[in-house]
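Working notes, beginning with the structure itself.
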Amino acid sequence: MPRHKLKKEIALIKASDSVDMTKNISETYDLEKVCDGNINVHTVEGTHNTFILEKGAKDVSNFLSDISSH
């Protein structure tokens with residue numbers, strides 16, 4: 001455990017088809033253990049290798065545009 005936690009809002013973009021390792025960690029990949037801020041999870045259809053391609057790329061781009069405009 002870290003001595004201090006990040007006191008910022010976090011945006012997590014992740015693939016809908018997660019790998020087996022996610023069975024042992026939380027929906028937020030355990031970011032709550034190192035962050036005191038709000039964790040916004042955005043799930044994009046695909047695997048870790050494909051979610052930034054085609055429709056997923058547009059979805060990720062739109063999400064990043066939305067959060068950067070705030």
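Rule-based calculations on the coordinates, nothing more; no lab input. These numbers were taken from a predicted model, which means no experiment stands behind them. Cβ coordinates were reconstructed from backbone atoms using ideal geometry, including for glycine residues, and neighbour counts include every protein chain displayed.
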**Request:** Measure nothing fancy, just the Cα-based angle from helix 54-68's long axis to the longest principal axis of the chain, in degrees from 0 to 90, nearest 10.
**Result:** 40
**Complete:** re region 3-70: pairs of Cα atoms spaced beyond 21 Å account for a percent value of 32
**Prompt:** Which residues' amide hydrogens lie under 5 Å from the amide hydrogen of ILE13, considering only partners 5 or more residues apart or on another chain, with H built in the peptide plane?
**Reply:** HIS42
**Item:** Neighbourhood net charge (13 Å Cβ-Cβ; Lys/Arg +1, Asp/Glu -1) for THR43
**Value:** -3
**Message:** Straight-line reach from LYS33: which lysines fall under 24 Å, measuring Cα to Cα and dropping same-chain residues less than 8 apart?
**Reply:** LYS5, LYS7, LYS8, LYS14, LYS23
